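Here's the structure we're looking at; comments come further down.
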Amino acid sequence: MTETPKAVANSAQSEYWNAKAGDAWTQNQAIMDHLLSGPGRRLFEHAAIKAGERVLDIGCGTGATVLAAADAVGPEGGVLGIDLSHAMLDLARSRAKQHAGTAELMFEIADAQSHQFAAGRHDLLLSRFGVMFFEDPTAAFANLLTALRPGGRLCFVCWAPMAENPWFFIPRDAAIKFLGAPEAAPPRAPGPLAFADTDYVTEILTGAGFRDISVLSETVDLTPISDLIEAADYALNIGPASRIIANHDPSPETLAAIGAEIESRLSVYYDGTDEARVPSSLHFVQARRP
Ligand SMILES: C[S@@+](CC[C@H](N)C(=O)[O-])C[C@H]1O[C@@H](n2cnc3c(N)ncnc32)[C@H](O)[C@@H]1O
């Protein structure tokens with residue numbers, strides 16, 4: 001039987017992450033985790049997780065950061081991963097079963113905005129790119145605050161503006177070149193770049209009741225798959241190009257042309273060594289429950 005979240009405030013996002021997007025992330029889990037390993041490592045440096053802590057991973061997806069948090073909290077600690085996507089959470093669960101760690105690991109299909117969390121249970125709310133998809137972000141963070149003990153902390157990473165992130169603008173530009181620009185969405189609409197404006201993030205967290213808010217903007221390398229052709233193909237299936245492509249029904253020739261354009265523009269980041277590096281501009285956000 002399919003597990004359904006008790007209350008879904010973000011039904012459009014639930015549909016999105018339970019269709020092609022969730023499948024693509026699940027099928028490409030190893031590629032995605034490699035791509036995002038740099039931001040993930042930096043997130044953990046900022047989060048400074050201590051042994052014995054209880055961590056709530058928001059939008060944990062296929063579970064990489066849940067497993068890393070489990071290693072950090074050790075046998076006395078625990079990690080709860082929540083997500084809207086059944087496919088992604090199923091994979092997270094099966095990875096956790098094979099993980100050698102001893103921390104208590106739990107997963108729940110849940111909408112972070114509306115889920116009723118055990119009050120004050122967690123020391124840390126953690127997220128790698130999982131908190132920018134809320135219809136009402138202030139309500140979502142106010143709800144998440146209830147899951148934190150007083151003095152507990154929030155630490156997440158999100159994307160800075162599109163113009164500073166070639167991994168976003170190259171595939172998007174390529175799709176637009178062949179399919180035309182999509183209807184302009186409001187800049188803060190739920191989506192990967194919704195938190196690009198740091199003043200907006202601070203406003204949300206303040207409104208939700210967090211204090212000691214800090215935002216550090218840093219450049220961190222993404223590490224896409226070493227095969228450039230595969231990387232371009234992958235950019236057709238996940239991310240901003242895929243969102244534009246999904247609204248058209250492009251011919252195989254058009255898709256190939258978009259892929260070739262992505263490949264040509266990404267090639268500057270491929271210097272023939274094993275590891276391609278694409279600089280990404282990120283915000284690392286921290287705050288506390290008073
Ligand atoms: C960009 S993915 C990141 C996944 C994972 N954190 C990682 O770094 O691999 C965003 C994740 O947030 C989840 N998500 C989006 N809105 C959510 C919500 N309201 N409640 C819980 N999870 C949500 C999605 O299902 C998806 O797994």
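Numbers at a glance
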item	result
So Arg95, is it among the basic types (Lys, Arg), touching a residue at least 24 places away in the same chain (Cβ under 8 Å) and under 26 Å from Phe141 (Cβ atoms)	no
Answer from Phe168, Phe210, Phe195 - the residue that is at pLDDT below 95, surrounded by 19 or more Cβ atoms within 10 Å (Cβ to Cβ), out of contact with any Asp or Glu (no Cβ under 6 Å at 6 or more places or on another chain) and under 30 Å from Leu154 (Cα atoms)	Phe168
Hits in segment 239-276 (condition: loosely packed, with under 14 Cβ neighbours inside 10 Å and on the phi > 0 side of the Ramachandran plot)	Gly272
Qualifying residue in segment 40-49 (condition: touching a residue at least 60 places away in the same chain (Cβ under 8 Å), among the basic types (Lys, Arg), away from the ligand (no atom under 11 Å from the Cβ) and within 28 Å of Ala276 (Cβ to Cβ))	yes
Where Glu183 falls short, out of the listed (1) of a type in the set (D, E, K, R); (2) in a helix (DSSP H, G or I); (3) free of Cβ contacts under 8 Å to residues at least 40 places away in the same chain	(2)
Only one of Gly59, Gly52 that is within 16 Å of the chain's Cα centre (by Cα) and either at pLDDT 95 or above or among the basic types (Lys, Arg) (or both)	Gly59
Condition check for Tyr200: surrounded by fewer than 19 Cβ atoms within 10 Å (Cβ to Cβ), assigned to a helix (DSSP H, G or I), of a type in the set (Phe, Trp, Tyr) and in contact (Cβ under 8 Å) with a residue 12 or more places away in the chain	yes
Identity of the residue in segment 97-114, surrounded by fewer than 20 Cβ atoms within 10 Å (Cβ to Cβ) and in a loop (DSSP other than H, G, I, E, B), that ends up nearest to the chain's Cα centre (by Cα)	Ser114
Residue count, segment 95-137 (criterion: small (Gly, Ala, Ser), more than 25 Å from Glu45 (Cβ to Cβ) and within 15 Å of the ligand (Cβ to nearest atom))	2
The lone exception for Asp23 - which of (1) of a type in the set (D, E, K, R); (2) outside any helix (DSSP H, G or I); (3) closer than 30 Å to Glu275 by Cα it fails	(2)
All positions within segment 65-93 that are buried (at least 22 other Cβ atoms within 10 Å of the Cβ), within 10 Å of the ligand (Cβ to nearest atom) and assigned to a helix (DSSP H, G or I)	Thr65, Val66, Met88, Leu89, Ala92
Candidates Asn18, Asn10 - the one that is within 12 Å of the ligand (Cβ to nearest atom) and buried (at least 20 other Cβ atoms within 10 Å of the Cβ)	Asn10
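Yes/no per residue for (1) in a helix (DSSP H, G or I); (2) of a type in the set (Val, Ile, Thr); (3) farther than 24 Å from Met32 by Cα:
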| residue | (1), (2), (3) |
| --- | --- |
| Pro187 | no, no, yes |
| Pro190 | no, no, no |
| Thr219 | no, yes, no |
| Asp233 | yes, no, no |
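The values are calculated or read from the model by the stated rules, or taken from the named source; none is laboratory data. Here the structure is a predicted model, which means the values were calculated and not measured. Note that each Cβ is placed from the backbone with ideal geometry, even for glycine, and that neighbours are counted across all protein chains shown.
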